[in-house]
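> Below is a structure I'd like to ask you about.
The values are calculated or read from the model by the stated rules, or taken from the named source; none is laboratory data. Being a predicted model, the structure only gives us computed values, none of them experimental. Counting neighbours? That spans all protein chains shown, and the Cβs are built from the backbone with ideal geometry, glycine included. Accessible surface areas use protein heavy atoms only, side chains included; no ligands, DNA or RNA. Shrake-Rupley method; radii C 1.70, N 1.55, O 1.52, S 1.80 Å.
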There are 2 protein chains.
Amino acid sequence: MPATDARITAVDTYDIRFPTSRALDGSDAMNPDPDYSAAYVVLRTDGGEPEGHGFAFTIGRGNDVQVAAVRALRDHVVGRSVAALCADPGTLYRDLTGDSQLRWLGPEKGVMHMAIGAVVNAVWDLAARRAGKPLWRLLADADPEWLTAQIDFRYLTDALTPDEALDLLRRGRKGAAERTGHLLAYGYPAYTTSPGWLGYDDDKLARLAARAVADGFTQIKLKVGADLDDDIRRCRVARATVGPDIRLAADANQRWDVPEAIRWTGALAEFGLYWIEEPTSPDDVLGHAAVRRAVAPVKVATGEHAHNRVLFKQLLQAGAVDIVQIDAARVAGVNENLAILLLAAKFGVPVCPHAGGVGLCELVQHLAMFDYVALSGTTEDRVIEYVDHLHDHFTDPVVIRAGHYTAPTAPGFSAALRPASVARYTYPGGTFWAADAERTEGRTA
Amino acid sequence: MPATDARITAVDTYDIRFPTSRALDGSDAMNPDPDYSAAYVVLRTDGGEPEGHGFAFTIGRGNDVQVAAVRALRDHVVGRSVAALCADPGTLYRDLTGDSQLRWLGPEKGVMHMAIGAVVNAVWDLAARRAGKPLWRLLADADPEWLTAQIDFRYLTDALTPDEALDLLRRGRKGAAERTGHLLAYGYPAYTTSPGWLGYDDDKLARLAARAVADGFTQIKLKVGADLDDDIRRCRVARATVGPDIRLAADANQRWDVPEAIRWTGALAEFGLYWIEEPTSPDDVLGHAAVRRAVAPVKVATGEHAHNRVLFKQLLQAGAVDIVQIDAARVAGVNENLAILLLAAKFGVPVCPHAGGVGLCELVQHLAMFDYVALSGTTEDRVIEYVDHLHDHFTDPVVIRAGHYTAPTAPGFSAALRPASVARYTYPGGTFWAADAERTEGRTA
């Protein structure tokens, strides 16, 4: 029995970097050579309480800045009562986003906001471990009034009021038990980006696309936007490989201006594109709205770089998106993602989460599953992105079966890295990077 | 004569913090206790070249994170040729914003983007010192084609093309010599926020408002948004003090949701408000547009927290603002601000820069003066904010005369702090903060 006066005793941070750039895994038109990284945070506790794990995802350089931002939040967290934190994570979320001096560094965007997300998510991991439930289940079981109180409605009330949110959550509960059973039996539909990285040649693309179909995926995604002729050829290869019934999405990773996005998407439409993702700047609400009007029936998807709930609100108000792509580690954690899920539900737009990177699949599955069980109530036209990288480094990795995410059953937010991986990939002192530096010195000597 | 092969030898960073919270200078509804701070950067050179100075402005906690972000840019800068950098600062600007791994931390927003702004502005300071001109003059004298090439038009071409920019700059040159003469003789109009801090009582407000009028200012600004009754009383005091002919602006510092902004502004309109500033989230383009439609003829002003050119583009496209408030240290430096000035010129919206903080007056005057001399060609309905704090810490402080900024004549971007101030206010090791820590220990011991 944990002590009721248990406290957070430390906020430990780790600069974790995986050398993914060496195999061009994760390569796209904007990010040719990412080293998938995490500013990893562990909330230490006393009194026999579990730990809480969270992270911000980055792609290499600058992960140290992200770690420094997490460290800047320490004084808000150390010494807090574990019981109080878990009873109301929203209090810490508000204290962190409301620190007026730190707020200046955003506000509510960029490095500082992602740091808040890492810490807030670690609290939810702790809360779910403490409750003995996977996070999706903790959220789905929670009282709608309590969930509503977890949300900061500032800047939202012209689109979503607390009363509307409460109403959506109450209605979402109807049939939740049945959907929980369905989720545990069949999982949540996934699509895969693994075939489509820009650095892969056509043979590898075709091989991986065929495997994706054989594995039960009904949607795949290709990276586009570097060279139009290449994209036409790669889309043709993909469509020829998967046949007419598999959904084919394309991801431009913000490469285009608005007129270019319209032209380029038009040139790829003949391959039956399902959606075009991040056609232009993630900040450009009006731009996405213009692209959407021009490229229909191709759908417009964005959100992995949308920095906060205010941007999602506008994307929905402006009719700029067909698909809302939440990311578990870009905004200020579960609390802000609850607001975004509710906005999407209010506007009737499906949520298809962004994942991949380091542990984004592990985290975001919980949010999509909560959305299915206790908010939107459906998986129609909803899929979670899946990329088969780096899962082995987590203690509770995602399990994909027949193109579906299997519902996690272990307590927590699936956010904990294996200690051996931390020891190996901590930058620059971990065993991998230390040996790498030695090799490099050997070559240059 | 400097050596032609001179290089950047070091990027030195300093965490500078001023204890402004102790007098409630700078207090507003969102920022009750700012400690005005700067992540200060000095580009060291060899070969007898001058140094380059720049900074990001923060309000205390987290300034260390901002410094870490500047440090993360070092490898892009050290070793560069001084002559090449100054001949084309745009190359470095593109290299910094285009570093795909660092870009993930924004993109183009928050801590990482402000760090780029600090470094890019330091390069412009160096370029202007090297040219023996104040920055406003270097820009006003520059070839329009060269200026156009300094801009990254990515994400802008649906609103502003390079050809349109070039045309605006060429037209802006007509009459520049005459306007330069006028500027040197009379300066650039200012307004003052010094009377209106939220932490000041009514007597201090009235006293400072009267002094502002006596000093020649034709516009003052009050902080509002914490308590409506207080705001009504303070607006009444201010209007009674300054009379009917002085423009009275109000600044809500992002405190309101859209419906609240409309109601609150309506309640203050009877005092003849000229503009309402930052009525809601700085990210909320559609929200500002809705507020503007509702509160006219009160004008809507925003921009000091607008994180990049894409947001300014949308504010203008959506008809969301009457006044564009650029900030010299929030976006990625002079290059991105050139784009924003051109967008404002294209849409015919006046620019009234945000200033105050640490050194923001010193920097932004150069941009407004360039705009007057060689772009918009007018100061009608244009004023630069002025706050009389912390100027003495700069080697080339602003000079205000009869409610006008005097045009700087010293070479550079007016960005250099006095060495004595750096030594005293570096955190936590500077003499002020070390003594402060000792005092605190003395009290608690």
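> Using amide H atoms built in the peptide plane, which far-off residues or other-chain residues are under 5 Å from residue A:247 H to H?
It is A:219, A:220, by chain and number.
> Please list 3J(HN,Hα) in residue order for the range A:148-159, calculated via the Karplus relation 6.51 cos²θ - 1.76 cosθ + 1.60 where θ = phi - 60°; whole Hz, with x for glycine and proline.
Using θ = phi - 60°, the values come out as 4, 6, 7, 9, 8, 7, 3, 6, 10, 5, 6, 10 Hz.
> I'd like the antiparallel share, as a percent to the nearest 5, of DSSP beta bridges with both residues in chain B. Display every interim value, and only then the final one.
Details: 23 of 43 bridges.
Antiparallel: roughly 55 percent of the beta bridges in chain B.
> Pull up all non-local amide H partners of residue A:412: gap of 5 or more, or a different chain, and H-to-H distance under 5 Å with H placed in the peptide plane.
A:129, A:133, A:135
> Given only helices, namely DSSP H runs of n ≥ 4 each adding -39500 (n - 2.57), what is the per-residue ellipticity at 222 nm of the protein assembly as shown, to the nearest 500 deg cm²/dmol? Mind dumping the intermediate values first?
Values: 38 runs with 401 residues, N = 890.
Using -39500 (n - 2.57) per qualifying helix, the result is -13500 deg cm²/dmol.
> Treating only the Cβ atoms of Lys and Arg (+1) and Asp and Glu (-1) as charged, compute the dipole magnitude of the range A:305-413 about its Cα centre; round to the nearest 20 debye.
Working: 6 positive and 11 negative charges, 74 e Å.
Computed charge dipole of the range A:305-413: roughly 360 debye.
> Mind listing the label-point distances from residue A:232 to the same position on all other copies, shortest first, one decimal in nm, points 7 Å along Cα→Cβ?
Nearest first, the other copies' label points are 6.7 nm away.
> Other chains near B:285-294: what is the mean number of their Cβ atoms within 10 Å of each residue's Cβ? Write out the running numbers ahead of the final one.
Values: counts 9, 10, 7, 0, 0, 2, 1, 0, 0, 0.
Taking the mean over all residues of the peptide, I get 3.
> 7 Å from Cα along Cα→Cβ at both residue B:381 and residue B:409: what's the point-to-point distance in nm?
Output for this residue pair reads 3.4 nm.
> So for chain A, taking the charge dipole from beta-carbon charges (+1 Lys/Arg, -1 Asp/Glu), which of A:411, A:297, A:68 sits furthest toward the positive end?
Highest projection toward the positive end goes to A:411.
> What do you reckon, how do B:15, A:227 stack up by accessible area (1.4 Å probe), largest on top? Kindly include the intermediate steps, with their values, before the conclusion.
Values: B:15 20, A:227 65 Å².
The ranking, largest first, comes out as A:227, B:15.
> Working from the alpha-carbon coordinates of the range B:106-259, get Rg over Rh, Rh being the Kirkwood radius. Before the final figure, lay out each step's value.
Values: Rg = 21.1 Å, Rh = 19.6 Å.
A ratio of 1.08.
> Starting from the Cα of residue B:418, step 7 Å along the direction of its Cβ; do the same at residue B:236; then give the gap between the two resulting points in nm.
Distance between the two pseudo-spin positions: 4.3 nm.
> Starting at the first residue of the range B:382-388, write each ³J(HN,Hα) from the Karplus equation 6.51 cos²θ - 1.76 cosθ + 1.60 with θ = phi - 60°, in whole Hz, x for Gly and Pro.
Rounded to whole hertz, the list is 10, 9, 9, 4, 9, 10, 8.
> Given label points at 7 Å from Cα along Cα→Cβ, what nm distances, shortest first, separate residue A:143 from the same residue in every other copy?
7.2
> Of the heavy-atom accessible surface of the protein assembly as shown (probe 1.4 angstrom), what whole percent is carbon and sulfur?
C and S fraction of accessible area: 50 percent.
> Here is a follow-up. Please turn the phi angles of the range B:11-19 into ³J(HN,Hα) values with the Karplus equation 6.51 cos²θ - 1.76 cosθ + 1.60 (θ = phi - 60°), one per residue in order, whole Hz, x for glycine and proline.
10, 8, 10, 9, 9, 9, 9, 9, x
> Sticking with this structure for a sec: Report for the protein assembly as shown the percent antiparallel among DSSP-assigned beta bridges with both residues inside it, nearest 5.
On the way: 46 of 86 bridges.
Counting only bridges with both partners in the protein assembly as shown, antiparallel ones make up about 55 percent.
> Assuming 1.002 mPa s and 20 °C, estimate D for the range A:176-420 with Stokes-Einstein, Rh taken as the Kirkwood radius over Cα pairs, in µm²/s.
Working: Rh = 18.1 Å.
D = 118 µm²/s.
> If you take the accessible area of A alone plus B alone and subtract the pair, what total do you get in square angstrom, rounded to 100, with a 1.4 Å probe? Each step should come with its number before you reach the end.
Values: alone 17080 and 17090 Å², together 29060 Å².
The buried area between A and B, both sides summed, comes to about 5100 Å².
> What are the label-to-label distances in nm, one decimal and shortest first, from residue A:380 to the same spot in the other copies, with labels 7 Å along Cα to Cβ?
5.8
> Could you do me a favour and compute the accessible area per residue for chain B, 1.4 Å probe, result in Å²? Could the numbers behind the result be given before it?
Details: 14530 Å² over 445 residues.
On a per-residue basis, chain B sits at 33 Å².
> Taking the mean number of other Cβ atoms within 10 Å as a proxy for protection, how do you rank A:152-164, A:111-123 from highest to lowest?
Numbers: A:152-164: 18.6, A:111-123: 28.9.
Top to bottom by mean Cβ count within 10 Å: A:111-123, A:152-164.
> Let me ask something else about it. Once amide H atoms are placed 1.01 Å from N in the peptide plane, what residues at a sequence separation of 5 or more from residue A:7, or on another chain, have their amide H within under 5 Å of its amide H?
A:46, A:82
> Next question, about the same structure. If only Cα atoms are counted, what is the Rg of the range A:169-221, and what is its Dmax, in Å?
16.7, 50
> While we're looking at this one, here's another question. So what is the diffusion coefficient of the protein assembly as shown in µm² per second by Stokes-Einstein at 20 °C and 1.002 mPa s, using a Kirkwood Rh over Cα pairs? Write down the numbers at each step before the final one.
Working: Rh = 28.2 Å.
In µm²/s, the coefficient is 76.
> Longer than 24 Å from Cα to Cα, which of B:174/B:346; A:109/B:204; A:109/B:346; A:133/A:174 are they? Say none if no pair is. Walk me through the intermediate numbers first.
Working: B:174/B:346 17 Å; A:109/B:204 36 Å; A:109/B:346 28 Å; A:133/A:174 21 Å.
In this structure, A:109/B:204; A:109/B:346 exceed 24 Å between Cα atoms.
> Residue B:388 versus residue A:263, label points 7 Å from Cα toward the beta carbon: distance in nm?
So the two model labels end up 5.6 nm from each other.
> Write out the GluC sites (Glu not before Pro) in the range A:337-412 meeting two conditions: DSSP loop, and at most 11 other Cβ atoms within 10 Å of their Cβ.
Numbers: sites: A:362, A:380, A:385; in loops: A:380.
Those that pass, being in a loop and sparsely packed, are A:380.
> What's the minimum Cβ distance from chain A to the axis relating it to B, in whole Å, and which residue gives it?
A:110, 1
> As a test of the definition: which semi-axes, in Å, follow for the range A:8-134 when you take the square root of five times each eigenvalue of its alpha carbon gyration tensor? Largest first, please. Don't skip to the end; give the middle numbers.
Values: eigenvalues 152, 62, 28 Å².
For the range A:8-134, the ellipsoid semi-axes come out as 28, 18, 12 Å.
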